[in-house]
Amino acid sequence: MASATEQSETDQVREIGHEEYDPIGTAILIGIYFLILVLLWLFMYFVEFLGNGPTVVGALLTVVGLA
Amino acid sequence: MEVTRMSSTASRTYLDQFPAEAKVIKAAFWSSFMALAIGGLLGLVQALHRTDVLRFIDPADYYTVLTAHGVLLAITFTIFFLVGIFTWAVTTSLDRGVVDIRFTWAWYIMMVVGTILVGVSILGGVVDAIPTYADVLFTFYAPLQAHPAFYVGLVLFVVGSWLAGADWFRTWWAWRKENPDERIPLPTFMALTTTLFWYLCTLGVALSILVFLLPWSLGIVDSVNPLLTRTLFWYFGHAVVYFWLMPAYMMWYIMLPKLSGGKLFSDPLARVVFVLFLLLSTPVGIHHQYLDPGIAEGYKFIAMTNTMFLLLPSLLTAFTVVASMEHGARQRGGTGYLGWLKALPWRDPVFTGMALAGLMFAAAGFSGMINAGMNINYLVHNSWWVVGHFHLTVGTAVALTFMAAAYWFIPQVTGKALWSRQLALGQVLLWFVGMTFMSNAMHRSGLFGMPRRTAEPQYQGFNFEPAVGTVGEINAQVALGAVLLTVALAMFLLNMVLTSFNDDSDSLPANTYAGTLSGPEDSPAVLDNLKLWTAIAVVLVIVGYTLPLASIVDSGGLFGPDISGFQLAIETDPALVLESVREVMP
Amino acid sequence: MNIHTYEKAWLVAAMVLIVGFIATITYGAVGPGIAMIDDDAGSIDPNEISDHERFGETGVEHLGGNEYEVNVVAQAWSYSPSEIEVPAGSEVTFYVTSRDVTHSFTVVGTNVNTMVVPGQISEMTVQFDEPGEYGILCNEYCGEGHHTMEGLLTVVPEDEFDLTELSTDAPREVEAGNETTINATVSNGMQDGLETTATLEIGEQQYERDVTIDGEGSAELTFDVDTDALGEGEHDWTLTVDDHEESGTLSVVSGTDGGDTNE
Ligand code: HEM
Ligand SMILES: [Cu+2]
Ligand SMILES: [Cu+2]
């Protein structure tokens, strides 16, 4: 099997195996993505959502005085 | 492991290898494109109508159009493409044809018949000569009631897809007999795990239609429990989004690395990802019902945590796929921390289309996290935010990947070279730009309360108040985006049609997919134990759904408290309208 | 299994993200106390809405203190009542159900939003701190007129809010010299007692009554009108209780013209 997997690529200038390959660029990109996700999440939840009141609250909690 | 039989496959197209299967795949692709063409055009009509840029249909007909758009794109376009791709994946990676090609044609024809039934019954909403009513949108929530033909058509379509799954399993079993000790090749592994959760989730919608909705629309039973059929729909309704997505994921895992000039970073992780989808796709459907009455908060919380963990396979995919692209770029001479990005084959429409689709999926991931966030659903539920979200997921991550893939696949299954690479490259870019406008504006609309599924969202008693910008400016962006998307769609179809009329070509690339840096031999064999994963998936579904379903049946009854069907047309039910009018008068 | 260090790190980061999301949502539930629509309000037979204790009569009800209940029936393509008024500083629980298909009850520009599924009752408790005006719309497709389904929610300043209702019963015509009365019924929908003044103005004359009504009670008021002092002719009158007003016209006619006719 594996007969259909790509083995040669014409534009290839070097062969990089698993051991010698560190996807540092990917790590950077995904790190940036992580930061964007965290910041946007905080913005959406605490500014857009909690700032958009009134909001449905539990009747029990409000009796306790959490308002 | 990495043995190549170059002689047998090099520069042989799929058509050369599997001429019989290529015909079915080609038919499935064209069915898919036709749905895309009609559905996309209707999308333009909707966008222009809602934003009041151009209104040439009656507002009542808007909902017929929207039903067709939803069904044709979310069900027909996606699933026809999927069955084509999966048939390619299974046969190519097992290097053997299907067991019986007549069976393959049979399920394809069954799906076509189902589609025609559904399509015609929807058309009845605007064509007087057709006596059917199916303005129920693609979610067909009871007690809105469609003509029985609509439900029958859906069932035929789904059963057709079940048989397609059976076809792939048969092919795999046949291969297994000849190769008892081999690992399941990755593309087949992906197709099979996806098929398994498709079986699991469609059980819900099949039950909903066959036991409740169809008998009810035929008058055999006279009541339904709307919350029950709705819950059964969403039992299927989340998993179906992964069903659309899995062929796109497959393309990103096995085509993108190859197109970038590299190898898949990790075969074992790809398997883990698909196993996670098999396990978690179904027991999360209640996240579409966060704002439904009749379901306890605890069940919603469980669905929410499950959903959040379902982010994991997608986040892992993001890493693996980008790392594979980076690998290719570096092999092609790319250097630097980010400089390698320039070494990617951006002139190749297949690559660029898929890469842009993946980028949009990253953005969609964010709005999806918000949608998953249980209590924040009060802000976004059923608003245009959600529509913005799924035009990034199914409308781009899936649709654009499929269109890009078609630039590679259509030559493979027809033996004809792509008519124009330039046009194709322009097309994928234009889709990306158009969707950026439309989807971003839709997301913003949702945040100030713009409802989805609404023909003319202009109200008598109040105005929308965007925090930033104006309603007019946002609408203009939606309309502009929609026009660009429609142009892109036309470019795609033109290219496909002209490709079909192209001369046969002998300079086509061979039918291959990406090799792996870390192959299946690095992954534990238990990953290939499909029985085990299926069993666990079933257990998770039972755990996730037994109690909510039991309590819905307990409180509302299996068939509900005498709830009959509604076909709420303005002209057909004057009594109802009268009653409504009476209610609003003080 | 052969997993690269970076990928392991990303796995950890992804888990942190997921746990962080779940933590935020849990905070929303226990901190600001956001509750999900659930099954507390139970189910209902849509055919029996009109006889239902809650939905037989829709509208705003006072529970005591600053707590109110609003019962709403959604149906194609309107809400009953379509206009809702509650005071600022109140805690309002909405109960919404549907007479026909699935709708939503969505207060535009807020986080008050629920599906309204036939057979089920949606219950939501909301605190309205500030006065304001909000649109209500249906965001679930419910038939061809779906886009016309709307309502209005007004939060009025606390001191402008009451659940007082005023109705009057007065003759239209009276013979000069005869005694006549203008009667009024004032009902108090609040749980607390109501102490106020009712004022009747007719012609140049003004009558005042102090009114004290128990919670959920009503009072009958009778104003004796001196027709001699009014003289013959048409006399407009206005009866005012807080900001509720009823008005009419009383004709005083000469003895031979006619008798004492009621409306
Ligand atoms: C030319 C490109 C497209 C345009 C202009 C377009 C436009 C729209 C618009 C304006 C709506 C919102 C209707 C409303 O909320 O009232 C909509 C809904 C929808 N679209 Fe698209 N769309 C396009 C392509 C797609 C594609 C490619 C897919 C999926 C593969 C898709 C799937 C959907 C679905 C599932 C809905 C929801 C239907 C419902 O609410 O029942 N659309 N589309
Ligand atoms: Cu979902
Ligand atoms: Cu509606």
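The values are calculated or read from the model by the stated rules, or taken from the named source; none is laboratory data. Not measured: the values here are computed from a predicted model. Cβ: placed from backbone, ideal geometry, glycine included. Neighbour counts: every protein chain shown. Surface accessibility is based on the protein's heavy atoms, side chains included, excluding ligands, DNA and RNA. Shrake-Rupley method; radii C 1.70, N 1.55, O 1.52, S 1.80 Å.
GNM on chain C, C-alpha springs below 10 Å: top fluctuator among C:GLU195, C:GLU123, C:GLU133? Greatest mean-square fluctuation among the candidates belongs to C:GLU195. Find the sum over both chains of the accessible area lost when B and A are paired, probe 1.4 Å, and report it in Å² to the nearest 100. Counting both chains, the buried surface is close to 4100 Å². Averaged over residues, the count of other Cβ atoms within 10 Å places the peptides B:201-212, A:24-35, C:237-248 in the sequence B:201-212, A:24-35, C:237-248, highest first. In this structure, the pairs whose alpha-carbon distance is over 30 Å, taken from B:LYS23/B:LYS258; B:LYS26/B:LYS531; B:LYS258/C:LYS8, are B:LYS26/B:LYS531. For the range C:164-253, a Kirkwood hydrodynamic radius built from all Cα pairs, placed in the Stokes-Einstein relation at 37 °C and 0.692 mPa s, yields a translational diffusion coefficient of 244 µm²/s.
Note on the protein assembly as shown: Rg/Rh from Cα positions, Kirkwood definition for Rh, rounded to two decimals, is 1.07.
The calculated FRET efficiency for C:ASN66 paired with C:THR197, based on their beta-carbon distance and R0 = 25 Å, is about 0.50. Of the GluC sites (Glu not before Pro) found in the range C:197-243, those that fall in a DSSP loop while having at most 11 other beta-carbon atoms within 10 Å are C:GLU204. Largest mean-square fluctuation among C:GLY231, C:GLY65, C:GLY33, in a Gaussian network model of chain C whose springs join Cα atoms under 10 Å apart, belongs to C:GLY33.
The mean number of partner chain beta-carbon atoms within 10 angstrom of a residue's beta-carbon across peptide B:444-454 is 5. A dipole drawn for chain B from +1 and -1 charges on Cβ atoms has a positive end, and of B:ASN463, B:ALA149, B:THR202 the residue lying farthest that way is B:THR202. Think of a 1.4 Å ball rolled over the protein heavy atoms: the protein assembly as shown then has 37 Å² of accessible area per residue.
Quantify, in whole percent, the carbon and sulfur part of the accessible surface of the protein assembly as shown (1.4 Å probe; protein heavy atoms only). Summing carbon and sulfur atoms, their accessible area is 59 percent of the total for the protein assembly as shown. Could you list the residues of the range C:101-136 with an amide nitrogen less than 16 Å from a label point located 7 Å from the Cα of C:ASP243 in the Cα-to-C-beta direction? Those under the cut-off are C:130-134. For the range A:15-42, accessible area lost to neighbouring protein chains reaches 50 Å² or more, against the chain alone with a 1.4 Å probe, at A:ILE16, A:HIS18, A:TYR21, A:PRO23, A:ILE24, A:THR26, A:LEU29, A:ILE30, A:TYR33, A:PHE34, A:LEU37, A:TRP41. Taking label positions 7 Å along the Cα-Cβ direction at both C:ALA9 and C:ASN183, the computed distance is 8.7 nm, reported to one decimal.
Exposure check, 1.4 Å probe, all protein chains in place: C:SER167 carries approximately 60 Å² of accessible surface. Here the calculated FRET efficiency for B:ALA20 and B:LEU203, from their Cβ-Cβ distance with R0 = 41 Å, stands at 0.85, rounded to the nearest 0.05. Electrostatic tally near B:TRP385: other residues with Cβ closer than 14 Å to its Cβ, Lys and Arg +1, Asp and Glu -1, net +2. Rounded to the nearest 20, the Cβ-based charge dipole of the range B:21-584 about its Cα centre (Lys and Arg +1, Asp and Glu -1) stands at 1340 debye. The Rg/Rh ratio of the range B:21-584, with Rg taken over Cα atoms and Rh as the Kirkwood radius over Cα pairs, comes to 0.96. Label-to-label distance for B:LEU498 and B:LEU54 is 2.3 nm, based on points extended 7 Å past Cα in the beta-carbon direction. Take each peptide in B:406-415, B:505-514, count the other Cβ atoms within 10 Å of every residue, and average; sorted highest first, the result is B:406-415, B:505-514.
For the range B:248-264, backbone phi angles converted through the Karplus equation (6.51, -1.76, 1.60; θ = phi - 60°) give residue-by-residue couplings of 5, 4, 4, 4, 5, 7, 10, 9, 3, x, 5, 5, 6, x, x, 10, 4 Hz, Gly and Pro being listed as x. For the pair the range B:40-104 and the range B:524-538, the centres of their Cα atoms are 31 angstrom apart. Peptides B:515-521, C:85-91, C:50-56 ranked from most to least packed, by the mean per-residue count of other Cβ atoms within 10 Å: B:515-521, C:85-91, C:50-56. Taking every alpha-carbon pair within the range C:46-160, the share separated by more than 24 Å comes to 20 percent.
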